[in-house]
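Trainee: Here it is: the structure, laid out below.
The values are calculated or read from the model by the stated rules, or taken from the named source; none is laboratory data. Given the structure is predicted, the values throughout are model-derived calculations rather than measurements. Cβ coordinates were reconstructed from backbone atoms using ideal geometry, including for glycine residues, and neighbour counts include every protein chain displayed. For the accessible areas, the whole protein counts, side chains as well, though only heavy atoms, and no ligand, DNA or RNA atoms are used. Shrake-Rupley method; radii C 1.70, N 1.55, O 1.52, S 1.80 Å.
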Amino acid sequence: QGLVDALGADQRAATRAAERVAHARIATLSRSGTVREALSQADPDAVLLAESRPGREGVEVAESVAGEAEVTLTTDAALAHAVDEWGADVVLVGADAVHGDGSVVNKAGTRTVALAGTHEGIEVIVAAATDKIAPDGRTDLEHRNSGEVYDGEADVDVYNPTFDVTPADCVDAFVTERGILGPDGVSEVAADHRNRAPLGGRRSTRPDGQ
């Protein structure tokens, strides 16, 4: 029953996001089930996708969207520049987790494109069900194997996180199954989750796209 409820919440969040970005030129990255469903419903004019290394899950999303809209695939490094050059109307991303202060944990590269969108006056929207709002501010960036970046013999440290953290002031709206939330609304949901969490335990969030 819990999984059914979660999937229903994702679907409602996607529908609300689709209404917000209908017929727009949408920039996104990685793979979020909620964002993918929103793209299906929004009938976008065009979609810009970062390839999202190392898994390149953005490529899979680009292929799946190609029959529905004009799609441009770009590198992770070029995405921040491309949102302006390509003419994005909106940056739409999912979330692995949202903290009570409104900061967003999502695939590495999200912070960069959100900062770029904010600088260029492009709306930045996070689409996620409220069960992604975490009761605490702990962040696990899930560092990946260093060999994905460098496998040579020089004395080089590697920083290879799966996720990054986007500040709340780079997000214009959180679109959830409950509607559009601002920072205060996110904080209230986080507090409610803390109150509902088992004593001494922690409420977990589902990985994005599930």
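Trainee: Within segment 149-168, how many residues turn out to be exposed (fewer than 12 other Cβ atoms within 10 Å of the Cβ) and of a type outside the set (A, V, I, L, M, F, W, C)?
Mentor: Qualifying residue count for the region: 6.
Trainee: Sort out for me the strands (runs of 3 or more DSSP E) sitting completely within segment 7-85 that have 2 or more residues that are surrounded by fewer than 20 Cβ atoms within 10 Å (Cβ to Cβ).
Mentor: 70-74
Trainee: So which residues in segment 97-108 are more than 13 Å from L29 (Cβ to Cβ) and open to solvent by 30 Å² or more (accessible area, probe 1.4 Å)?
Mentor: Start the filter on segment 97-108 by keeping residues that are more than 13 Å from L29 (Cβ to Cβ), which leaves 97-103, 105.
The answer is D101, and nothing else.
Trainee: Something else: For segment 137-186, please list each of the strands (runs of 3 or more DSSP E) lying entirely inside it that holds at least 3 residues being within 15 Å of the chain's Cα centre (by Cα).
Mentor: In segment 137-186, 163-166, 173-176 are the strands (runs of 3 or more DSSP E) which contain 3 or more residues that are within 15 Å of the chain's Cα centre (by Cα).
Trainee: Can you tell me which of (1) within 27 Å of N160 (Cα to Cα); (2) in contact (Cβ under 8 Å) with a residue 60 or more places away in the chain; (3) under 16 Å from the mean Cα position of the chain (by Cα) is the one P54 doesn't meet?
Mentor: Tallying (1) within 27 Å of N160 (Cα to Cα); (2) in contact (Cβ under 8 Å) with a residue 60 or more places away in the chain; (3) under 16 Å from the mean Cα position of the chain (by Cα), P54 fails exactly one: (3).
Trainee: Let me ask another. Looking only at segment 109-132, count every residue that is outside any helix (DSSP H, G or I) and surrounded by fewer than 22 Cβ atoms within 10 Å (Cβ to Cβ) and tell me the total.
Mentor: Residues meeting the conditions: 3.
Trainee: For G94, are the conditions met, namely being touching a Cys at 6+ places or on another chain (Cβ under 9 Å) and crowded, with 24+ Cβ neighbours inside 10 Å? Lay out the reasoning, then the answer.
Mentor: Details: touching a Cys at 6+ places or on another chain (Cβ under 9 Å): no; crowded, with 24+ Cβ neighbours inside 10 Å: yes.
When the stated conditions are applied, G94 does not pass them.
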